[in-house]
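Every number here is computed from the coordinates shown, using simple stated rules; none is lab data. All values derive from a computational prediction rather than experimental measurement. FYI the Cβ positions are ideal-geometry reconstructions off the backbone, even for glycines, and counts take in every protein chain you see.
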Amino acid sequence: MNEILGWLICSLALVILLIAALGVYRLPDALSRQHATTKAATLSLTLFALGVGLLAWDWAWTWRLLVLVMILFAALPLASHALGRAAADARSPE
């Protein structure tokens, strides 16, 4: 049961990443593309870590995946904010 659920969650993460890639291709400006990628990356990588945790079903892998998700929750919003500020500064004339 855990194996089926793990593969389903990993597949859902893949679909979310594919939708984000389509958003990067279709959205008009850099800030919209950045929004699509950072939100989808956070959600899909979290889902993927959950799916792999269910597939591995080992405490050693589970805590490593939890640490990875915590690092992603800290790093992705900071990187998104920095990229957004850089794009806004590049667009504003001085």
Students often get this wrong: which residues of segment 1-19 have the backbone nitrogen under 16 Å from the point 7 angstrom along Cα-to-C-beta of W61? 1-11
Loop chymotrypsin sites (Phe, Trp or Tyr not before Pro), segment 27-66, which have at most 13 other Cβ atoms in a 10 Å radius of their Cβ (DSSP): W57
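Treating only the Cβ atoms of Lys and Arg (+1) and Asp and Glu (-1) as charged, compute the dipole magnitude of the chain about its Cα centre; round to the nearest 20 debye.
Details: 6 positive and 5 negative charges, 32 e Å.
Computed charge dipole of the chain: roughly 160 debye.
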Report, to one decimal in Å, the Kirkwood hydrodynamic radius for segment 5-94 based on all distinct Cα pairs. 14.3
